[in-house]
Amino acid sequence: MLDLMTSAAGAGAPPAWMQFLPFVGMILIFWFLIIRPQMKRQKEHQDKIGALKKGDRVVTAGGLIGKIVAVRDDEVDLELARDVRVKAVKSTIGDVILPKASND
C-alpha cells in the first residue's frame, strides 16, 4: 500500500527542470525587451561619436548646440557662437544635427 502511494505521488510531480522554465522565460523576455535594445542604442551612439568630423553641428548632453572646429582622440572643440569656443569630451556629444534639406 505504501509503495502505491509513493509511486503515485512521484508520477504526478513535474520534473525539477520544469520549475525553472518560468524564470528562463522571464530572463529571455527581459533580454529582448530591455538589454538588447539598450546595447543597440549604445553601439549606434559609439558609431556616431567615432564618425564626428570638423564642420558637424552637434548637441551636447548639456543641451549646448555648436559646430565642431577640431577633433582629437577623446575631445572636440565646439564653436558655440562667433569667437566662443569650448572643449567637450566626445562621449558627452548627444546627437549630430543633420543639415536641413533646402526646398529650392
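The values are calculated or read from the model by the stated rules, or taken from the named source; none is laboratory data. What you see is a predicted model; the values in this text were computed from it and never measured. No Cβ is skipped: glycine too gets one built from the backbone with ideal geometry, and neighbour counts run over all protein chains shown. Just so you know, the surface numbers come from the protein's heavy atoms only, side chains and all, with ligands and any DNA or RNA stripped out. Shrake-Rupley method; radii C 1.70, N 1.55, O 1.52, S 1.80 Å.
Quick notes on this one:
- Met18 at pLDDT 90 or above and farther than 30 Å from Ile93 by Cβ: no
- Number of the exception - Arg85 against (1) of a type outside the set (Phe, Trp, Tyr); (2) within 17 Å of the chain's Cα centre (by Cα); (3) open to solvent by 70 Å² or more (accessible area, probe 1.4 Å): (2)
- Among (1) in contact with a helix residue (DSSP H, G or I) (Cβ under 8 Å, 6 or more places away or on another chain); (2) open to solvent by 50 Å² or more (accessible area, probe 1.4 Å), the one test that Ile93 misses: (2)
- Filtered residues of region 32-89 (kept if hydrophobic (A, V, I, L, M, F, W, C) and assigned to a helix (DSSP H, G or I)): Phe32, Leu33, Ile34, Ile35, Met39, Ile49
- Close Cβ contacts (under 6 Å, 6 or more residues apart or on different chains) running from residues in region 83-94 that are within 13 Å of Lys67 (Cβ to Cβ) to residues that are open to solvent by less than 80 Å² (accessible area, probe 1.4 Å) and of a type outside the set (Val, Ile, Thr) comprise Arg85/Asp77; Arg85/Glu79; Val86/Leu78; Ala88/Leu78.
- Unmet requirement for Asp56, which otherwise passes all of (1) surrounded by 15 or more Cβ atoms within 10 Å (Cβ to Cβ); (2) without any contact (Cβ under 8 Å) to a residue 24 or more places away in the chain: (2)
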